[in-house]
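Chemist: Submitted below is the structure of interest, expressed as structure tokens.
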Amino acid sequence: MISLNMVWPAIYVYDEIWRFWFLAFATIVIETFTIMAILKYSLQKSFLASVVGNLISGIVGTFVMMWAMLFWHLIADNFLPHATFDIINWIATYILMCLGSVFIEILTIKLIFRETIKKLFIPLLIGNLLTYSFIAYTLITKSDKDPEEKRTEQVLYSPTPNTFTLLDSTKLEIFTAKTEISYGEADKIVDTNYSLEILFEKEKSENFQFELALLDKKPEGGIEYGRKIIHFDKLTDTIQIILEQKNTDPYKGWTSPIITDTINFVKRR
């Protein structure tokens, strides 16, 4: 997984695409015969077009589309109940990344063979659609349980303080936070990529007036209604979280947020 301070669905899709890199060979074969059938190219010309197109879309296209999906989230996350990882965002990620990769592949082949976009779209879509469909299937059916995992332990944290008056004079109450520890053989921790789930209730549920983040780290984004997931790699008895709020100055807003509180999440005994 790419090491970033924030995560969104496209990162997981990108990671799976590179994990199953060998699918590119199947895509090339399928596209080669599809191009031959639809565009009436020779076998050699069809194969060359498919190889060049897939190299560009695989190396450049998937990377570009992973980052391009952030522009989608800037708008869509404000209207979806589960924000960044809402099911609609997952579906949109597959569709837009697939179409974006196809478009980049089409432009590449168009420059080389002087073919029209209309003629190239269908044969190149077929190969990419199969690849993204397979990736979607692997993510849906992937087990959350590590093969080495023998047991899990839920760890609860209590926040201090837990009630706040936000800058817009509305109330916020943080209930608790929890994470899970996975143990393997000899009771050894097998996964140190922890996720802290913070549960809260705010007076204006439709507005995003604040963010929660690890102390000394930038917010990850993706806060949901009543829940925030924060990723960290070191398990401690006390986890310090900052409450960052939207600037009340309408000309500044989130361009100049204000850190108003530090919350200590203390492990329950």
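Chemist: Restricting the search to region 75-107, which residues are modelled with pLDDT of 85 or more and farther than 18 Å from TYR12 by Cα?
Modeler: ILE75, ALA76, VAL102, PHE103, ILE104, GLU105, ILE106, LEU107
Chemist: Being closer than 24 Å to ARG269 by Cβ and modelled with pLDDT of 90 or more, is that true of even one residue in region 163-172?
Modeler: yes
Chemist: How about region 155-269: which strands (runs of 3 or more DSSP E) wholly inside it have at least 2 residues that are of a type in the set (Asp, Glu) and without any contact (Cβ under 8 Å) to a residue 40 or more places away in the chain?
Modeler: Answer list for region 155-269: 171-183, 194-202.
The values are calculated or read from the model by the stated rules, or taken from the named source; none is laboratory data. Keep in mind the model is a prediction, meaning the values are calculated, not measured. Virtual Cβ from ideal backbone geometry, glycine too; neighbours counted across all protein chains shown.
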